[in-house]
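One structure is given below, encoded as structure tokens.
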Amino acid sequence: MSGVWAVLVAAGRGERLGGERPKAFVELAGRSLLAEALERLDGCPWVDGIVVAAPPGWEEPAILVAEELGAGKVSACVTGGTRSRAESVRICVAEVPDGADTIMVHDAARPLVTDAVVERLLAALREGWDGAVPGLPIPDTIKRVRDRAVVETLDRSGLVAVQTPQAFRAVVLREALAAIGDDATDDAAIVERHGGRVCVVEGDPGLLKVTTAVDLEAVERLLAG
Ligand code: CTP
Ligand code: MG
């Protein structure tokens, strides 16, 4: 497959993690979440180019991260959206060249991306799906609750927890973004709402999302092996 571009969104403030700097610039084991994710995507043999979204005022530090890593696939580092993640995705996708046939959207908040996950996503697109997302079975029982009262206990067997990166046929993602607002937190949901066929591939338990300090410690432990 040719023309696989990665969009790496790192423009969030990291309010739930707290601290002085945006979450993507918080360090684990001596390097930032952004550096970890970027090095992995840049080293991935199937990724041809990368666009990074940085928080306003953090564009230069983000470029520096890419330079220090020698991440030669980074073509642009743009100012992300201040309103939502979807806005950052939209800004990055606009920077992806027209020739790209696949766009893979990833969060700096999930630093431990692997070639194996990317390979599974791209294999699904080659099968003809419009989009592919990594998913894992949900270990906990899930209940719908209203004003503390349980309304419903869901059947867990049909549910998965979805991760990033998420890969899409570029034309489908662009059309869906053009048709739909900036409210979705999940890129695949935008494509699904626009009629795209999205498939779930096996996720990776190591692909943890850093939301709070506890998650940061968990990712650090995984990195230490
Ligand atoms: N993100 C982004 N632009 C935004 C909001 C989020 O690029 N306007 C990115 C974050 O940098 C992160 C990913 O989207 O890599 C997932 O978002 P989340 O985990 O919510 O990160 P933050 O928004 O930074 O954290 P918080 O919600 O706690 O402020
Ligand atoms: Mg957020």
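Any chance segment 202-221 includes a residue that's in a strand (DSSP E or B) and either crowded, with 18+ Cβ neighbours inside 10 Å or not hydroxyl-bearing (Ser, Thr, Tyr) (or both)?
yes
For Val117, which of the numbered conditions (1) open to solvent by less than 30 Å² (accessible area, probe 1.4 Å); (2) in a helix (DSSP H, G or I); (3) touching a helix residue (DSSP H, G or I) at 6+ places or on another chain (Cβ under 8 Å); (4) more than 16 Å from ligand 2 (Cβ to nearest atom) fails to hold?
(3)
Arg174: surrounded by 14 or more Cβ atoms within 10 Å (Cβ to Cβ), over 20 Å from Glu127 (Cβ atoms), within 19 Å of the chain's Cα centre (by Cα) and among the basic types (Lys, Arg), yes or no?
Considered against the rule, which asks whether it is surrounded by 14 or more Cβ atoms within 10 Å (Cβ to Cβ), over 20 Å from Glu127 (Cβ atoms), within 19 Å of the chain's Cα centre (by Cα) and among the basic types (Lys, Arg), Arg174 comes out as yes.
What number goes with the only condition from (1) among the basic types (Lys, Arg); (2) more than 16 Å from ligand 2 (Cβ to nearest atom); (3) farther than 28 Å from Pro97 by Cα that Arg193 does not pass?
(3)
Considering (1) away from ligand 2 (no atom under 15 Å from the Cβ); (2) farther than 19 Å from Val113 by Cα; (3) not in a helix (DSSP H, G or I), say which one Ile91 fails and leave the rest.
With (1) away from ligand 2 (no atom under 15 Å from the Cβ); (2) farther than 19 Å from Val113 by Cα; (3) not in a helix (DSSP H, G or I) applied to Ile91, the lone miss is (3).
What single numbered condition from (1) under 29 Å from Arg126 (Cα atoms); (2) away from ligand 2 (no atom under 16 Å from the Cβ); (3) open to solvent by less than 20 Å² (accessible area, probe 1.4 Å); (4) hydrophobic (A, V, I, L, M, F, W, C) fails to hold for Ala62?
(1)
Return the only residue of Ala189, Ala109, Ala149, Ala178 being among the aliphatic types (A, V, I, L, M), farther than 20 Å from Arg40 by Cβ and within 16 Å of ligand 1 (Cβ to nearest atom).
Just a single option satisfies the conditions, and that option is Ala189.
Out of segment 27-59, which residues are open to solvent by less than 30 Å² (accessible area, probe 1.4 Å) and either at pLDDT below 95 or near ligand 1 (Cβ under 10 Å from one of its atoms) (or both)?
Of everything in segment 27-59, those that are open to solvent by less than 30 Å² (accessible area, probe 1.4 Å) and either at pLDDT below 95 or near ligand 1 (Cβ under 10 Å from one of its atoms) (or both) turn out to be Leu28, Leu33, Leu34, Ala37, Val52, Ala53, Ala54, Pro55.
The values are calculated or read from the model by the stated rules, or taken from the named source; none is laboratory data. Since this is a predicted model, take the numbers as computed values, not measurements. Note that each Cβ is placed from the backbone with ideal geometry, even for glycine, and that neighbours are counted across all protein chains shown. Please note that ligands, DNA and RNA were not included when accessible areas were found on the heavy atoms of the full protein model with its side chains. Shrake-Rupley method; radii C 1.70, N 1.55, O 1.52, S 1.80 Å.
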